[in-house]
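These notes are about the structure you will find just below.
Values in this text are rule-based calculations from the coordinates and carry no lab data. Note that the coordinates shown come from a computational prediction; the quantities given were computed from them, not determined experimentally. All Cβ positions, glycine included, derive from the backbone under ideal geometry; neighbour counts span all protein chains shown.
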Amino acid sequence: MQRVTGPVPSSPAATAKMRANRRRDTGPELALRRSLHRRGLRFRKDFRVATAARSVRVDVAFPALRLAIFVDGCFWHSCPEHASVPKANADYWIPKLAENVARDRRNDLDLSEAGWTVVRLWEHESVDAMATRVGDCVDHLRSRAPALRTPP
Ligand SMILES: [Zn+2]
């Protein structure tokens, strides 16, 4: 869980918005996890991967396949369709959000250097679309992993 430190929210609306934008266990992530379960996929949530540079927390991980899934919130991760910067305290939020995006890219790089496949989903995507992408990726990686193939 990343702590949000910074200015006191400027209004009840801003407080509500910040709360709605909590990073972990968001509605879309929960919905995705439920959908993956229904498809018979087993995974670890909030999984820590030790890369050479740092430890990265993965929202939904398939450790045997080294597959890392992130469900990125539109606000926190600056989705190109829905990114917005709160008008109040913009001086705080602009660098803060840019930092988040930079951290995402660093994590992607560190994970892929550690042999992980990284899939980033936006919380605004439909649960079905997200689950299908994850399922396809799992199938693809399984078909490529010799250790997991049934011997002839
Ligand atoms: Zn979005």
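Some notes on this structure:
- Förster radius 25 Å - calculated FRET efficiency between residue 48 and residue 133 (Cβ-Cβ, nearest 0.05): 0.60
- Counting only Cβ charges, +1 for Lys and Arg and -1 for Asp and Glu, the dipole size of region 33-117 around its Cα centre is about 560 debye.
- A cut-off of 5 Å between modelled amide H atoms, ignoring neighbours fewer than 5 places along the same chain, links residue 51 with 56.
- Ascending count of other beta-carbon atoms within 10 Å, so fewest first, for 46, 110, 59: 46, 110, 59
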